[in-house]
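The values are calculated or read from the model by the stated rules, or taken from the named source; none is laboratory data. Bear in mind that the values here come from a model prediction, so they are computed numbers and not experimental data. Glycine also receives a Cβ, built like all others from the backbone with ideal geometry; neighbour counts cover every protein chain displayed. Areas reflect the complete protein model, heavy atoms only, side chains present, ligands, DNA and RNA absent. Shrake-Rupley method; radii C 1.70, N 1.55, O 1.52, S 1.80 Å.
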Amino acid sequence: MPPLWPMMPIPTSQQRRTAPSEIPDKLYFRIGEVARICEVPAYVLRFWETEFQQLKPNKGGTGQRLYRRRDVEMCLRIKRLLYDQGYTIPGARQVFQTEAREFRKKNSAPELPLAVASSNHADAALSKVKKELRELAGILASPIGSPRTRPGRSTRPAEKPTGLFEL
């Protein structure tokens with residue numbers, strides 16, 4: 001007597017690796033779509049949400065889970081760790097914690113720029129800029145009523161022009 005349900009081959013981990021899931025270009029995905037992309041049942045995704053704190057889909061006004069692209073990528077990563085690489089759930093959680101620790105460590109201390117040997121030309125240019133800035137600061141610091149002197153100009157008041165409308 002044949003079985004009541006059709007026998008379907010169970011994909012091995014080698015077969016799963018050959019067909020990478022394509023994520024559509026969308027802003028939000030419903031849980032059914034994510035389940036189809038990841039090739040796991042929806043209840044598995046809900047279980048992963050309880051086990052992995054990094055997986056937190058938004059919930060819409062109706063309470064339906066709305067996954068973002070990074071959530072879908074996280075689900076695919078969890079699936080690879082658990083099914084293909086053979087990690088247990090605590091082991092996969094440890095992988096994420098280690099990666100987060102390394103990321104924080106790498107980004108916590110900013111790298112200082114390397115010291116560059118200065119050239120005489122660069123030093124001369126900087127000195128010129130400093131001198132000009134000091135001159136500008138002196139001009140701006142002088143009182144409004146006092147005559148301002150500029151290099152190359154005389155300090156005596158200008159003569160009044162004579163013209164047709166002079167009284």
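Filtering region 4-42 to residues that are open to solvent by 70 Å² or more (accessible area, probe 1.4 Å), at pLDDT below 90 and not in a loop (DSSP other than H, G, I, E, B) leaves Gln14, Gln15, Arg16, Arg17, Thr18.
Taken over region 92-102, the criterion of being of a type outside the set (D, E, K, R), open to solvent by 60 Å² or more (accessible area, probe 1.4 Å) and within 14 Å of Leu55 (Cα to Cα) is satisfied by Gln97 alone.
Checking region 118-135 against the condition returns a match, with at least one residue being modelled with pLDDT under 65 and over 30 Å from Phe52 (Cβ atoms). For region 43-57, a residue qualifies if it is part of a helix (DSSP H, G or I) and free of Cβ contacts under 8 Å to residues at least 40 places away in the same chain, and the qualifying residues are Tyr43, Val44, Leu45, Arg46, Phe47, Trp48, Glu49, Thr50. Please verify whether region 76-91 includes one or more residues that are open to solvent by 20 Å² or more (accessible area, probe 1.4 Å) and within 21 Å of Leu27 (Cα to Cα). Checked region 76-91: at least one residue is open to solvent by 20 Å² or more (accessible area, probe 1.4 Å) and within 21 Å of Leu27 (Cα to Cα).
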